[in-house]
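Undergrad: I am attaching a structure below and will ask some questions about it afterwards.
Read-outs throughout are calculated quantities, based only on the coordinates presented, and are distinct from any laboratory measurement. These numbers were taken from a predicted model, which means no experiment stands behind them. Counting neighbours? That spans all protein chains shown, and the Cβs are built from the backbone with ideal geometry, glycine included.
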Amino acid sequence: MNRSPRWKYVLLIIVIFAGIIYALPNIFGDDPAVQVSSLRGFELEQELAAEVERILEAEGLEYHHVEFEPERLMVRFDNTDRQLRAADILRDELGSDYVVALNLAPATPRWLGMFGAEPMVLGLDLQGGVHFLMQVDMDSAREQQLERYVSDLRNILRDNGIRYRSVRVDRSAVVAELRSAEDRDNAMRAIEREIEELVLEARDTSTTFNVRGTIDEDYLEELQQTALRQNITTLRNRVNELGVSEPIIQQQGAERIVVQLPGVQDTAEAKRVLGATATVEYRAVDEQNDPYEAQRTGRVPPGSRLYFHRDGQPLLLSREVIASGDNLIGAAAGFDQQSGQPNVVVTLDGTGARRMLDHTSQNVGNRMAVVFIEHRPETEIVDGEEVHTTRRVEEVISAAVTREPFGRRFQTTGLGSSTEAAQLAMLLRAGALAAPMQIIEERTVGPSLGQDNIDQGFRSVIIGFALVLVVMAVYYKVFGLVANMALTANLVLIVALLSLLGATLTLPGIAGIVLTVGMAVDANVLIFERIREELRNGNTPQAAIRAGYEKAFSTIADANVTTLIAAIVLFMFGTGPIKGFAVTLSLGIVTSMFTAILGTRVVIGLIYGGRKRVKALAI
């Protein structure tokens, strides 16, 4: 008798049912949508949904419905024209505190969502994803370097006992004002010893003796290239934080970077993380002067700058930066054990740790402020043309009293929510950008290889699948029909696993599926030919079925295991499209083993196993 144990029937039914459930979302497609989220990562207020509905209705824009979640708000539309119009209107109406981004929202029914079923993620060469063209602001990179020289020159002059009036940035140079010609000469010698990349010259006036330093052209070019490379590295780190598979991040020209993120659904999050230039600076609070008086009169004491706390209160802070984002080597979001408020635990490098320890050792009992800095990309219409600018936003997020000296590791508090703390930690952990960047082109792109590739890829699967079905049905009759059922189940399971695992399907991935179709039926051919051989040797039909499955198993296992090893090696050492091919091939091998061996055995047993005497097999 060839009846299978009952548990095999139950297992097969459960697996096929689960495969159908998780493969179904792929037939419903996507809806054009507009996504709204907070620029800072704050949770949205429920009233925002009503405000968005009011704006769209006032403009006469029809929409499917508005989906509200604390992290984001999604508006679905019938077509891309309404989607684009709505995005422009909402950007103007909601202001700069929100990120309004285009999106493709899966049209999966809610009852499937209850099972956690989501459609497959398709690569840029099939479904598309997010495409950014980012412009690196090299002028800001130069200015940032000059600002660092200001602090370095002050320390050099102070360490050498040279009296100076001021050190400041003047256009494309850093200028130190000295009190005498002797001080000027001493300063030039001291600076030349410490900073080789500055080209120094004496620039005296009627009242001061100045040293003017400009950055060497060769070093400046190297600085710009370093800034570009660092930004590319930082973007890769941030993409890793987003969990994107097979990203494309590459330099385009001298000042631009192309970023392609296949399969990203949350385009607003990608835009916020990649486009933001966020960092922090730690500065001492000026306790000797009144910030309200400075705000009222506009007269800020020398050596101080006027800032504003997040709650709107003015603060006077020292111009000298104790440590900045450049000194950060680690950041992790968490909660303060005493207050329970969200915080970010920061770890500094050796240089930053020494500065922080020196400052806190001398200023126990005084306040130290944490300044959060963002370079927000903005677009304005000037004379009918888009003009891209960057707005620097600085605000104090914390001004706490230093209770005891600390250096390498400490915490930053004063954040609005745990979401904001996690976002800030991620940005700092990924690394500070060497120069601000702005997104000058943003697309939710369709197939980069053309719609023709999608059609041909789909057609190749259908044609190959159909031809195999016909050949198997004609050549192996009832057994061939059973193999066709297994082959169909195999395709469903591959799609279900790709959807369940969130793997990105690319055009080479489709090639892997086509190859799997042939390999899946190959196992059944081995089994069926073995059964026919047993029948020719005079065995009974029942014995032939049993011997066919048992004796063909080792050959099938050997062929599939060796192919699986090759697929794993391809995945480990390949990149991009090669990995996509390896993933679908590996999944196809596993599912074909299940359907070709266990699946067909159960069905054949159901057809022939219940009869005591079977005179002939339809094979």
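Undergrad: Positive end of the dipole of segment 139-219, charges at C-beta (+1 Lys, Arg; -1 Asp, Glu), about the Cα centre: which of SER172, ILE215, SER151 has its Cα farthest in that direction?
TA: With unit charges placed on the Cβ atoms, the residue in question is SER151.
Undergrad: Another question about this same structure. Quote to one decimal, in nm, the extra length available between PHE335 and ILE195 on full extension: 0.36 nm per residue of separation minus the C-alpha distance between them.
TA: Net length gain for the segment: 46.2 nm.
Undergrad: Tell me the label-point distance for the pair ASP452, VAL614, using the 7 Å Cα-to-Cβ offset, in nm and rounded to one decimal.
TA: Inter-label distance under the simple model: 5.0 nm.
Undergrad: If each DSSP helix of 4+ residues adds -39,500 (n - 2.57) and the sum is divided by the residues in the chain, what number results at 222 nm, nearest 500 deg cm²/dmol?
TA: Using -39500 (n - 2.57) per qualifying helix, the result is -16000 deg cm²/dmol.
Undergrad: Now a separate question. Would you grab the residues whose amide H sits under 5 Å from the one on ASN366? Only those 5+ places off in sequence or on another chain, please, with H modelled 1.01 Å from N.
TA: For ASN366, the qualifying residues are THR402.
Undergrad: Continuing with the same structure: To the nearest 0.05, what FRET efficiency results for LEU564 and ASN366 with a Förster distance of 60 Å applied to their C-beta separation?
TA: Using R0 = 60 Å, I get an efficiency of 0.40.
Undergrad: So which trypsin sites (Lys or Arg not before Pro) in segment 75-168 end up in coil per DSSP with only 16 or fewer other C-beta atoms within 10 Å?
TA: ARG163
Undergrad: Related question: Could you check the simple spin-label distance between ARG229 and MET572, using points 7 Å along Cα→Cβ, in nm with one decimal?
TA: 3.0 nm
Undergrad: A further question follows. Among ILE604, VAL121, ALA50, flag the residue with its Cα farthest along the positive direction of the charge dipole of the chain, charges on Cβ as +1 for Lys/Arg and -1 for Asp/Glu.
TA: Highest projection toward the positive end goes to ILE604.
Undergrad: Further, regarding this structure: Based on the Cβ-Cβ distance from GLU143 to ASN539, what FRET efficiency comes out when R0 is 51 Å, to the nearest 0.05?
TA: Approximately 0.05, to the nearest 0.05.
Undergrad: Now, a different point. What full-extension length gain, to one decimal in nm, is calculated for LYS551 and GLU441 as 0.36 nm per residue of separation minus the Cα-Cα distance?
TA: Here the segment from LYS551 to GLU441 would lengthen by 33.5 nm.
Undergrad: Taking the Cα-to-Cβ direction at SER180 and at GLU385 and moving 7 Å from each Cα, how far apart do the two end points lie in nm?
TA: A separation of 5.5 nm, rounded to one decimal place.
Undergrad: Quick one: ILE462, ILE513, fewest Cβ neighbours within 10 Å first, how do they rank?
TA: ILE462, ILE513
Undergrad: If you don't mind, there's one more thing I want to ask. Over the chain, how many pairs of lysines fall under 29 Å by alpha carbon, counting only those 8 or more apart in sequence or from different chains?
TA: For the chain, qualifying lysine pairs total 10.
Undergrad: Which ³J(HN,Hα) values, rounded to whole Hz and listed in residue order, are derived for segment 148-162 from phi using the Karplus coefficients 6.51, -1.76 and 1.60 in 6.51 cos²θ - 1.76 cosθ + 1.60 with θ = phi - 60°, glycine and proline given as x?
TA: Working through the residues one at a time gives 5, 5, 4, 5, 5, 5, 4, 5, 4, 5, 5, 5, 8, x, 9 Hz.
Undergrad: Which label belongs to the value computed from this structure, given these candidates for semi-axes √(5λ) of the Cα gyration tensor in Å: [x] 65, 27, 23; [y] 41, 32, 28; [z] 52, 30, 22?
TA: Only one option fits the structure, namely [x].
Undergrad: Separate question: Amide H neighbours of PHE308 under 5 Å, counting only residues 5+ apart in sequence or on other chains, H built in-plane at 1.01 Å?
TA: For PHE308, the qualifying residues are LEU315, VAL396.
Undergrad: Fewest first, what order do SER417, SER206, SER180, SER38 take by the number of other Cβ atoms within 10 Å?
TA: Final ranking by Cβ density, sparse to dense: SER206, SER180, SER417, SER38.
Undergrad: I need VAL285, VAL482 ordered by Cβ neighbour count within 10 Å, fewest first.
TA: Starting with the residue having the fewest Cβ neighbours, the order is VAL285, VAL482.
Undergrad: Here's a follow-up. Can you tell me how much longer the chain between SER460 and PHE115 gets when fully stretched, taken as 0.36 nm per residue apart minus their C-alpha distance, in nm with one decimal?
TA: Once the chain is fully extended between SER460 and PHE115, it gains 121.1 nm.
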